[in-house]
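To start, the structure itself, in structure tokens.
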Amino acid sequence: MSRITSFNLYLLLCTIFTNTFCQGIIINVTSFRVRADGKTDDTRAFIAAWEKVCNSQGNVTLLIPKGTYLVGPLKLRGPCENVSSLTVLIKGYLKAKTDLSEYEFGSGWIEFAWINGLTLTGGGVFDGQGATAWPFNNCPTSSNCDLLPTNLKFVGMNRTVVDDITSLNSKFFHLALVECRDFNGSRLEISAPEDSPNTDGIHLERSSNVSFSWSNIGTGDDCISVGQGNSQITITNITCGPGHGISVGSLGKYPHEQDVNGLLVRNCTISGTSNGIRIKTWADSPGRSSATNMKFENIVMKHVRNPIIIDQAYCPFHSCSSQQAPSRVRLSNIYFKNIRGTSLSQVAVTLSCSKGIPCKNIFLQNVHLNLISGERLPVSSCENVEARYFGIQMPPPCP
């Protein structure tokens with residue numbers, strides 16, 4: 001019997017026989033007068049269920065059975081001091097309330113915080129119902145904008161597993177990790193329309209020892225964005241697109257940002273995106289920081305506009321000045337290996353580094369990117385970079 005089959009059997013027996021079979025406590029959200037009709041507000045029932053879960057002892061499971069639940073913002077916070085392991089088993093379909101006045105800007109719709117040993121699983125769906133909120137998002141045009149709610153936000157978490165869930169149509173980011181350690185995400189389905197603003201699939205900030213694998217992500221922004229202060233991040237077997245690709249950054253926008261150190265992106269397919277692998281830092285950075293020891297290997301690009309791009313003068317706004325001081329984010333020890341596929345633009349590789357702190361130790365090995373049309377050869381564009389090339393190079397290296 002496979003591991004997955006065994007686990008599903010265990011969950012089935014838990015659901016049928018509750019505490020008789022399972023070692024630990026099962027708390028069913030339906031015991032708290034939920035309506036589960038997708039129209040009646042079930043927020044209070046979920047808050048009451050969480051309070052009972054967090055005040056329990058030993059191994060605890062919060063069961064959310066099949067049904068459609070309309071809920072507003074949920075702060076599912078610890079520490080749950082007497083709980084040794086906590087599983088949220090979601091089989092149902094959660095729909096976010098659409099009234100933005102009920103949410104705190106920059107918060108999560110469903111926010112897990114300060115919990116040790118959480119497992120979130122079960123095949124359920126988190127639907128942010130973001131279409132009604134997207135017209136109020138002015139972040140693509142203004143740096144002083146109010147951040148809309150993230151579908152699932154994890155803050156200060158340790159030893160977390162998120163497996164087999166779906167996130168749809170978030171008002172802002174789908175999943176966001178802030179100051180988390182030992183986090184493992186797999187078998188995630190993340191989806192929003194290609195034109196939905198700032199609907200990053202996964203955003204990481206100030207987190208360490210994080211892995212995401214075997215997931216499908218298609219949104220209106222980065223499939224995965226690795227922000228400042230992260231270390232030892234592993235991203236494998238991700239299917240990305242539509243969206244803006246897999247990004248490091250943006251970095252260098254704020255003072256006192258922490259370094260990025262240790263990133264592996266491997267065995268991913270990126271399709272129909274505006275960028276493939278992108279590293280982006282702001283010009284005129286208010287402080288110094290670095291991003292180093294990053295490896296991107298075995299990546300397939302399908303109809304990607306900018307397959308490989310380092311942009312150290314990143315600015316998404318129309319009012320950006322071309323006279324800004326160079327970026328103060330130091331980029332070094334970056335490896336692109338076994339990158340193949342098709343580019344929509346003739347410039348398939350762009351290495352545009354900071355004039356103030358040029359990129360060092362940028363390695364490209366076996367890069368083979370062809371143009372869709374086949375009528376011309378792709379080219380590379382480079383500035384302020386120390387790059388080394390090995391094996392196949394298409395486009396040809398910069399002179």
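The values are calculated or read from the model by the stated rules, or taken from the named source; none is laboratory data. For clarity, every value in this text was computed on a predicted model and none was experimentally measured. Because the Cβ atoms are built from the backbone with ideal geometry, glycine has one as well, and the counts that use them run over all protein chains shown. Surface areas here come from the heavy atoms of the whole protein model, side chains and all, with no ligands, DNA or RNA. Shrake-Rupley method; radii C 1.70, N 1.55, O 1.52, S 1.80 Å.
For ALA325 and SER143, calculate 0.36 nm times their separation in residues minus their Cα-Cα distance, and state this gained length in nm to one decimal.
63.7 nm
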Fluctuation leader among ASP221, ASP259, ASP146 - the chain, Gaussian network, Cα springs under 10 angstrom: ASP146
When you have a sec, figure out the Kirkwood radius of the range 109-150 from all distinct Cα pair distances and drop it here in Å to one decimal? 13.3 Å
Of every hundred units of 1.4 Å-probe accessible area on the chain, the number belonging to carbon and sulfur atoms, as a percent, is 48 percent
For LYS97, project a label point 7 Å along Cα to C-beta. Then give me every residue of the range 37-73 with its amide nitrogen under 17 Å of that point. 37-50, 69-73
Say a site is exposed when it is one of the GluC sites (Glu not before Pro), sits in a DSSP loop, and has at most 13 other Cβ atoms within 10 Å; what is then the longest site-free stretch of the chain? 105-374
Kirkwood Rh in Å, taken over the range 210-289 so that all alpha-carbon pairs contribute: 13.0 Å
In Å and whole numbers, how far do the C-alpha atoms of the range 326-399 stretch along each principal axis, longest first? 38, 22, 18
Fully extended, how many nm does the chain gain between TYR254 and GLN232 (0.36 nm per residue separation, minus their Cα-Cα distance)? 5.7 nm
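With contacts defined as alpha carbon pairs under 8 Å and 6 or more residues apart, what's the relative contact order of the chain in percent?
Rounded, it is 8 percent for the chain.
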Residue-count net charge about ALA48 - beta-carbon cut-off 15 Å; Lys, Arg +1, Asp, Glu -1: +3
Coordinate range along principal axes, alpha carbons of the range 101-177, Å, largest first: 38, 24, 21
Under 16 Å from LYS337, Cα to Cα: lysines that are on another chain or at least 8 residues apart: LYS295
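Please compute the alpha carbon radius of gyration of the range 314-358, then divide it by the globular-protein estimate 2.2 N^0.38 Å. Two decimals is fine.
For the range 314-358, the normalised Cα radius of gyration is 1.51.
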Under 15 Å from LYS171, Cα to Cα: aspartates and glutamates that are on another chain or at least 8 residues apart: ASP99, GLU102, GLU104, GLU111, ASP127, ASP146, GLU194, ASP195, ASP200, ASP221, ASP222
Calculate the dipole size of the chain relative to its Cα centre from +1 charges on Lys and Arg beta carbons and -1 charges on Asp and Glu beta carbons; express the result in debye to the nearest 20. 640 debye
How tilted is helix 43-54 with respect to the longest principal axis of the chain? Cα atoms for both, answer in degrees (0 to 90, nearest 10). 90 degrees
Dimensionless Rg ratio for the range 27-70, taking C-alpha atoms and the 2.2 N^0.38 Å reference: 1.14
PRE reach from LYS302 (point 7 Å along Cα→Cβ): which of the range 212-249 fall under 12 Å by backbone N? 239-242
Quick tally, 1.4 Å probe accessible area for SER380, SER101, sorted with the most first, runs SER101, SER380
Hey, what angle do you get for helix 3-17 against the long axis of the chain, alpha-carbon based, 0 to 90 degrees rounded to 10? 30 degrees
Dipole of the range 181-235, positive direction: furthest Cα of ILE202, GLY229, SER191, with charges on the beta-carbon: GLY229
Applying the Karplus parametrisation 6.51 cos²θ - 1.76 cosθ + 1.60 with θ = phi - 60° to the phi angles of the range 280-297, what ³J(HN,Hα) value in whole Hz is obtained for each residue in order, glycine and proline being reported as x? 10, 10, 6, 6, 6, 4, x, x, 8, 7, 9, 9, 8, 6, 10, 10, 10, 9
Taking the structure as given and computing Rg/Rh (Cα atoms, Kirkwood Rh), which label from [x] 1.12; [y] 1.01; [z] 0.95 fits? [y]
Across the Cα atoms of the range 252-399, what radius of gyration and what greatest pairwise Cα-Cα distance (Dmax) are found, in Å? 15.0, 47
What is the extension gain from ILE372 to ASP195, computed as 0.36 nm multiplied by their sequence separation minus the C-alpha to C-alpha distance, in nm to one decimal? 61.4 nm
Simple spin-label model, 7 Å along Cα-to-Cβ: LYS66 to ARG340 in nm? 4.3 nm
Throw me the Rg/Rh for the range 84-131, computed over C-alpha atoms with Kirkwood Rh, two decimals. 1.02
Per residue, accessible area of the range 23-62 with a 1.4 Å probe, heavy atoms of protein chains only, in Å², comes to 59 Å²
I'd like the accessible area for ARG77, computed on protein heavy atoms only with a 1.4 Å probe and all protein chains in place. Round to 10 Å², please. 100 Å²
Just need the relative contact order of the range 240-363 here, percent rounded to a whole number, with Cα pairs under 8 Å and 6+ apart. 28 percent
Solvent-accessible area per residue, Å², over the range 154-206 with all protein chains present [probe radius 1.4 Å]: 33 Å²
Might you work out the accessible area of THR350 for me, using a 1.4 Å probe with all protein chains in place, and round it to the nearest 10 Å²? 30 Å²
